[in-house]
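Some notes on the structure that comes next.
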Amino acid sequence: DDDQFRVVQAEGAQFLAAATQRYDVILVDGFNFRGPAMELQTAAFFTSCRAALEPAGVLVVNLDTEETGNGATVALMRQTFGGEVFAMLADGGTNRIVFATEPALLEAAHQQAAQRLAALAPVHQATLNRRSDTRERWPLIDEPQP
């Protein structure tokens, strides 16, 4: 931790519901060997996340692609953040990292990433294309949980 970066390890739903500060980035890594923390996959939680973000802030959620309920979680993120998210596979393992922010910021980031990707050597383009999904084409890999 320093003036520019602070890590808060807390029960996320409770912390964000009571948050008075705004954040540039909120990183949610809420699952363990028993599965996801269900209180981190609700409309109320994602609404708290959006309210706690700076206007140009980004929510980053780590999901396990082998868990059920991810489709419903991503749908809630889309609904809360205006319709789009960006997801990419982590290198190795079964994690999928999902980014959500204001739609205009997500679009600008997507365009910038596409330009940077096009400038890379073909081998790097192929590697990164295997890792990334585009907005709205993220496959819903399971059935929603209640």
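The values are calculated or read from the model by the stated rules, or taken from the named source; none is laboratory data. These numbers come from a predicted model, not from an experiment. Positions of Cβ are backbone-derived with ideal geometry, glycine not excepted, and every protein chain shown enters the neighbour counts.
So the values come out like this:
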quantity: Among residues of segment 1-52, those that are surrounded by 13 or more Cβ atoms within 10 Å (Cβ to Cβ), at pLDDT 90 or above, part of a loop (DSSP other than H, G, I, E, B) and of a type outside the set (S, T, Y), counted; calculated: 1
quantity: Residue, surrounded by the fewest Cβ atoms within 10 Å (Cβ to Cβ), within segment 53-82, restricted to residues that are among the hydroxyl-bearing types (S, T, Y) and part of a helix (DSSP H, G or I); calculated: T80
quantity: Segment 63-84, residues that are at pLDDT below 90 and either of a type in the set (F, W, Y) or within 15 Å of I26 (Cα to Cα) (or both); calculated: L63
quantity: Only one of A87, A109 that is modelled with pLDDT under 85, closer than 29 Å to H124 by Cα and assigned to a strand (DSSP E or B); calculated: A87
quantity: Check on F5, hydrophobic (A, V, I, L, M, F, W, C), over 16 Å from the mean Cα position of the chain (by Cα) and under 27 Å from L128 (Cβ atoms); calculated: yes
